[in-house]
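The values are calculated or read from the model by the stated rules, or taken from the named source; none is laboratory data. What you see is a predicted model, and the numbers here were worked out from it, not measured in a lab. Cβ: placed from backbone, ideal geometry, glycine included. Neighbour counts: every protein chain shown. Ligands, DNA and RNA are stripped out before the accessible areas are found, and what is left, the full protein with its side chains, is counted by its heavy atoms. Shrake-Rupley method; radii C 1.70, N 1.55, O 1.52, S 1.80 Å.
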Amino acid sequence: MEKEIARGNIRTEIKVGMQVKVIQKQDQRTGRLSEGVVQDILTNSSVHPHGIKVRLQNGIVGRIKEISDK
């Protein structure tokens, strides 16, 4: 069975200005998500198993867990 790759794990799926939910390093144990708009894409590789790392417009840095389809 092939493992499905989430959209938040593929760099080409992420665009500046997208509404996303990220998990910050300090929230990994709790799973608490923070929401915002992508300002910068920080991950250089095309795919990352834990999510593409981004900086949001509000300054939060985290790995994408959900993409809002708004």
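Things worth noting here:
- The stretch 36-70, residues that are acidic (Asp, Glu) and open to solvent by less than 60 Å² (accessible area, probe 1.4 Å): 40
- Contact map, the stretch 32-47: first residue outside any loop (DSSP other than H, G, I, E, B) and charged (D, E, K, R), second residue at pLDDT 95 or above and surrounded by 12 or more Cβ atoms within 10 Å (Cβ to Cβ), Cβ cut-off under 7 Å, separation 6 or more or different chains; pairs are 35/21; 40/54; 40/55.
- Restricting the stretch 8-26 to residues that are over 17 Å from residue 68 (Cα atoms) and touching a residue at least 12 places away in the same chain (Cβ under 8 Å), the residue that is least open to solvent (accessible area, probe 1.4 Å): 24
- Apart from one condition, residue 50 fits all of (1) under 11 Å from the mean Cα position of the chain (by Cα); (2) of a type outside the set (Asp, Glu); (3) modelled with pLDDT of 95 or more; the exception is (3).
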